[in-house]
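Okay, structure first, notes after.
Coordinate-derived values only; no laboratory data. A quick note: this is a predicted structure, and the numbers were derived from the prediction, not measured. All Cβ positions, even for glycine, are placed from backbone atoms using ideal geometry, and neighbour counts span all protein chains on display.
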Amino acid sequence: MACIEHERDSIRDQIAEVPTQVDAFVDWFESLRQDGPGQGDTLFPWLAEQASLPQMRWFLTQEVAGEAGFDDLVALTQLGLPDQAKLELARNYWDEMGRGRLEGMHGLMLRNTAVELKLSPRIDSTVWEALALANTMLALASSRRYAYQSIGALGVVELTAPTRVDKVCEGLRRLGLSMKGYRYFQLHAGLDLKHSEDWNREVLRPLVQADSDCAKLIAEGALLRLRCGERCFERYRREFGVGQLSHQQAA
């Protein structure tokens, strides 16, 4: 866990400024959708509008190789949580599991994309930034020491993913994939909006209201996850020779 502690140390000053009163904290958390690390990255409009099929295949190979399994992360994170938060994570998990239908399982939908694109993800061909993202998420979820950080990391994925996956879906449709091939991204562009609203109301609010000290730990997890994503986006843009605009220009 030394790498997690190193990352925590690197954001200590930012965490000191995070509010711990429940309304202010939820406002801060929701502001990460616009202002958090990696948000507004020009990689995603480029994927939607310009990426070639080989470039999209390379990008998604990295993403699939770095996928830690949101369903499993939620299942690990809910262990021992208070009842209200546990119920919301259970609802989220049930959605991830297709509400009991094999064809509705989100992990299977992503595998359908990989099959249609003939992706062959391997550790030795995956950039370290993508592996670091997956390992960070797994480290947070698998240690009860980081339970609150895992809640923040998972919650910020739900908060920030819709815009990105919508652009990936747009690019896949442009490149001629079938609906089965882009269904995973199409689904999450809309479903994660509701998941985020529910997560913030049913998980973040009651936890911080019950114990304001957990706000900064949840914030740590959110920032750790966003920083991992930001590193991935930067690495992918370098691979493709795509520049980055300022945050204001990208918005």
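Calculated mean residue ellipticity at 222 nm for the chain: -23000 deg cm²/dmol, from DSSP H runs with n ≥ 4 weighted as -39500 (n - 2.57), summed, divided by the residue count and rounded to 500. Stretching Arg122 away from Glu234 to a fully extended chain increases their span by 38.3 nm, per 0.36 nm per residue minus the current alpha-carbon distance.
Tell me whether the stretch 147-251 comes out rounded, prolate or oblate; compute the Cα gyration tensor, take square roots of the eigenvalues as a ≥ b ≥ c, and use a/c under 1.5 as the rounded threshold. It is oblate, given that a/c is not under 1.5 and a/b is not larger than b/c. Once you reduce the stretch 163-194 and the stretch 1-56 to the center of their Cα atoms, the two points are 21 Å from each other.
Sites listed here are GluC sites (Glu not before Pro) in the stretch 9-98 whose DSSP assignment is loop and whose Cβ has at most 15 other Cβ atoms within 10 Å: Glu17.
Summarising the label geometry, the points placed 7 Å from Cα in the beta-carbon direction at Asp9 and Gln50 lie 3.9 nm from one another. In this label model, Ala210 and Gln34 are separated by 3.2 nm, measuring between points 7 Å along each Cα→Cβ vector. Relative to the dominant Cα principal axis of the chain, helix 214-240 is inclined by about 20°.
Assuming a ≥ b ≥ c are the square roots of the Cα gyration tensor eigenvalues, decide whether the chain counts as rounded (a/c under 1.5), prolate (otherwise, with a/b larger than b/c) or oblate.
On the way: a/c = 1.70, a/b = 1.36, b/c = 1.25.
Note, shape of the chain comes out prolate.
The loop-placed trypsin sites (Lys or Arg not before Pro) in the stretch 67-162, going by DSSP, that have at most 11 neighbouring Cβ atoms within 10 Å of their Cβ come out as Arg101, Lys118, Arg122. Per-residue extension of 0.36 nm, minus the Cα-Cα distance of Ala90 and Arg145, leaves a gain of 17.7 nm for this segment.
To the nearest 20 debye, what charge dipole does the chain have about its Cα centre, counting +1 at the Cβ of each Lys and Arg and -1 at the Cβ of each Asp and Glu? Walk me through the intermediate numbers first.
On the way: 29 positive and 36 negative charges, 173 e Å.
That gives the chain a dipole magnitude of about 840 debye.
In this structure, the pairs whose alpha-carbon distance is over 24 Å, taken from Lys86/Lys194; Lys167/Lys216; Lys86/Lys167; Lys86/Lys180, are Lys167/Lys216; Lys86/Lys167; Lys86/Lys180.
Between the listed residues Val115, Leu159, Tyr93, the Cα displaced farthest toward the positive end of the dipole of the stretch 93-171, a dipole computed from Cβ unit charges relative to the Cα centre, is found at Tyr93. Maximal additional length on extending the Arg174-Leu131 stretch stands at 12.7 nm, based on 0.36 nm per residue less the C-alpha distance. Residues in the stretch 177-187 carry Karplus couplings, in order, of 5, 6, 4, 4, x, 10, 4, 4, 6, 4, 4 Hz; the curve used is 6.51 cos²θ - 1.76 cosθ + 1.60 with θ = phi - 60°, and Gly or Pro positions show x.
Overall dimensions of the stretch 60-177, expressed as equivalent-ellipsoid semi-axes from the Cα gyration tensor (√(5λ), whole Å, largest first), are 26, 18, 13. Can you tell me the 0 to 90 degree angle between the C-alpha axis of helix 53-65 and the longest principal axis of the chain, rounded to 10? Approximately 30 degrees, to the nearest 10.
Rounded, prolate or oblate: which fits the stretch 1-54 when a ≥ b ≥ c are the square roots of the eigenvalues of the alpha-carbon gyration tensor, with rounded for a/c under 1.5 and prolate only if a/b beats b/c? Oblate, since a/c reaches 1.5 and b/c is not below a/b.
How many times 2.2 N^0.38 Å is the alpha carbon radius of gyration of the stretch 118-185?
Values: Rg = 15.2 Å, N = 68, 2.2 N^0.38 = 10.9 Å.
Compactness ratio reported: 1.39.
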